[in-house]
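Below: one structure, written as structure tokens.
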Amino acid sequence: MVARKRQKNSNDMNWYRADLHLHTPGSNDYLEPSISYLDILHKAERCELDIIALTDHNTVAGIKELRKQIEELQLLEQLNRIRPEEKRTLDEFRRLTKQILVLPGFELTATLGFHVLGIFPPETTLRELEHILLTLRVPADKLDLGATEVGATVDVLTAYRIINEAGGLVIAAHANSSHGVAMQGFNFGGQTKISYTQDASLHALEVTDLESKHRRTTANFFNGSKPEYPRRMHCIQGSDAHRLHKDPYDKNRLGVGDRVTELHMPEASFEALKNLFLSSDFSRTRPYRPKQAPFDHVQAARKQGTNIVQSFHESITRRGGHLYAVLCDICAFANTNGGTIFVGLSDNPKDMVTGVKKPSDAIKIIRNEVEKKINPPLEIDIDQHDSQGKKVLQVVVPVGSNSPYVIDDYKIYVRDETDTNLAVRDEIVALVKRSLSDQDDEMAEVPQAAPIDVNNNDNNNTKEKSTKLTAEPKTGVEIVATEMRKGKKFYSLRDLRNGNVVHNVTRQSARRLWQYALTEHEANAVDTNKIDWHGDIGCWKKYKRGGQTRYDLVQRETNNTLHVYYGVTEDGIHGPWQKLLETLNAEEEATAAP
């Protein structure tokens, strides 16, 4: 066997290669039923895999047959009745299973046909696995069929919960393609798609576009920056192999080890694998690329740019306030959605990576400053990565469980799109409420915004009850009230991302997006005759700020009262709003065409 050379760093973490979605002849749609289980292990060895999972359709027949073959050969050996060729087979099984961690599992077909992988520790018994399948409502008479359809099983969320409570690893199979919970190609979804991809019992998404160079990949979509998808998801890839080798005539029919994920762990074990997926460090998984340069996680993050859960700093020098800026971001991320900070480069992919000259010293400085200046105590993870030949630090900040977090005992920062800002009073109140109540109570207490009567800029009251026919965008800001005090206007603004209402905002105290909204509201009032209407929603203005396209959108209620949403980004656009902008963009292209 060729010795493996793994990349190591100072804490003895290694990159391990895994294919966590393999079928066997135990699945009735397996394309090469004559293939042996020893053949599968030999192919895994040739692909230099460290971990594999056998995940047949709604059955554990594959792992049952593998164990049965080994146990029968062991019994023959104990009875001194084993033939030479059988002894060689047993020795190969022993050698390969010692070298490769073989995890038992299954691919469940949940209600509506969605596929869910359940993967378990290697010592899990067949009786335990079959009991779990029965709990998932796979009929007893179909346990050994390996069929993709076995009747009415449990729904997706129940499947997640049952597999997780049984100690398994829960992965949504090929989430972005057929039978995937990301529901691509469906003309419905909404809250169902959100719950299927954000549930706490779901550990990872298996995707087929992990190595795609397109900007709108599944991993980018679930990067935590979308308001309705605030939980960043670990995304991996697997071969979903139904044959030993890739089909030369169909590139979509992969073989063992044809789509592999590398995992940065202290050891190749189920416990290490599960701990990785429970962590907030998303740099510890990457697509394996044989005969290519290693995947550069830092540059991949850089292409996404600065957003609500990600920032970049070229240095942490005290001079110039660079170190303090990093601390402010740490505080803001803890008070908002959590996030990742990269130190040693800008967010411009065209700029050279400056790097950090003494990473170990820099890590100590950041940790000491966080310990001294941020209160209450906050646990952060700091790792170093190589990018363009330079050392770069990655600081992973969790969502704080004891907000608000403060710097220097009184400064409270929050994250707003691409900016870190000092929190205003109502944001501080919201942080305290978040700390004192669970998420359901918090959502119940979110203030409801009153609609703006654009025909009377300073009056937001409506006597007639009205209804919104379309869910509002998920980013941007809405002016919900205006009050005149001693000749000066004070506004209440609602952040569409989280529903928080901030009162007593003036033109002078407003942040950048808020200031833009107030300026537009005062100087460029909405003209209903100039709105490009599509039903009850419309676009008032399209513009660019900070290199990002933004929209001022308008929504009309049943009593003709309007809501104006300023500075909406693509992350907040969904459903009918998406169709509206696609129509507008198509009209623009048609107009611009010669």
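The figures follow:
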| item | result |
| --- | --- |
| Of all residues making up the range 358-384, the number that are without any contact (Cβ under 8 Å) to a residue 12 or more places away in the chain and in a loop (DSSP other than H, G, I, E, B) | 2 |
| The range 237-263: number of residues that are crowded, with 18+ Cβ neighbours inside 10 Å, over 17 Å from PRO25 (Cβ atoms) and of a type in the set (Ser, Thr, Tyr) | 1 |
| Test: residue in the range 115-131 that is surrounded by fewer than 21 Cβ atoms within 10 Å (Cβ to Cβ) and in contact with an Asp or Glu (Cβ under 6 Å, 6 or more places away or on another chain) | no |
| Residue check, ASP409 surrounded by fewer than 16 Cβ atoms within 10 Å (Cβ to Cβ), among the acidic types (Asp, Glu) and in a helix (DSSP H, G or I) | no |
| LEU244, sole failed condition from (1) touching a strand residue (DSSP E or B) at 6+ places or on another chain (Cβ under 7 Å); (2) under 23 Å from SER177 (Cβ atoms); (3) among the hydrophobic types (A, V, I, L, M, F, W, C) | (1) |
| Number of positions in the range 74-111 that are closer than 27 Å to ASP19 by Cα and either surrounded by 13 or more Cβ atoms within 10 Å (Cβ to Cβ) or touching a His at 6+ places or on another chain (Cβ under 6 Å) (or both) | 21 |
| The range 12-40 residues that are under 22 Å from HIS115 (Cα atoms), paired with ones that are surrounded by fewer than 24 Cβ atoms within 10 Å (Cβ to Cβ) and of a type in the set (Phe, Trp, Tyr) (beta carbon under 7 Å, 6 or more apart) | HIS23/TYR30; THR24/TYR30; THR24/TYR37 |
| Residue in the range 116-123 that is small (Gly, Ala, Ser), part of a helix (DSSP H, G or I), at pLDDT 95 or above and touching a strand residue (DSSP E or B) at 6+ places or on another chain (Cβ under 9 Å) present | no |
| Cβ pairs under 6 Å, 6+ apart, first in the range 68-92 and more than 21 Å from LYS43 (Cα to Cα), second in a helix (DSSP H, G or I) and of a type in the set (Asp, Glu) | LEU73/GLU86 |
| Cβ pairs under 7 Å, 6+ apart, first in the range 219-230 and on the phi > 0 side of the Ramachandran plot, second assigned to a loop (DSSP other than H, G, I, E, B) | GLY224/PRO230; GLY224/ARG231; GLY224/ARG232; GLY224/VAL309; GLY224/ASN337 |
| Test: residue in the range 498-515 that is in a loop (DSSP other than H, G, I, E, B), exposed (fewer than 13 other Cβ atoms within 10 Å of the Cβ), on the phi < 0 side of the Ramachandran plot and modelled with pLDDT of 85 or more | no |
| Which numbered condition ASP281 misses (of (1) farther than 27 Å from MET352 by Cβ; (2) assigned to a loop (DSSP other than H, G, I, E, B); (3) of a type in the set (Asp, Glu)) | (1) |
| Residues of the range 565-580 that turn out to be more than 26 Å from the chain's Cα centre (by Cα) and surrounded by fewer than 23 Cβ atoms within 10 Å (Cβ to Cβ), as a count | 1 |
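Residues checked against (1) of a type in the set (D, E, K, R); (2) at pLDDT 85 or above:
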{"residue": "PRO404", "(1), (2)": "no, yes"}
{"residue": "VAL429", "(1), (2)": "no, yes"}
{"residue": "LYS433", "(1), (2)": "yes, yes"}
{"residue": "ASP458", "(1), (2)": "yes, no"}
{"residue": "THR467", "(1), (2)": "no, no"}
{"residue": "PRO473", "(1), (2)": "no, yes"}
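The values are calculated or read from the model by the stated rules, or taken from the named source; none is laboratory data. Note that this is a predicted model, so its numbers are computed, not measured. For neighbour counting, all protein chains shown are included, and Cβ atoms are generated from backbone atoms with ideal geometry for every residue, glycine included.
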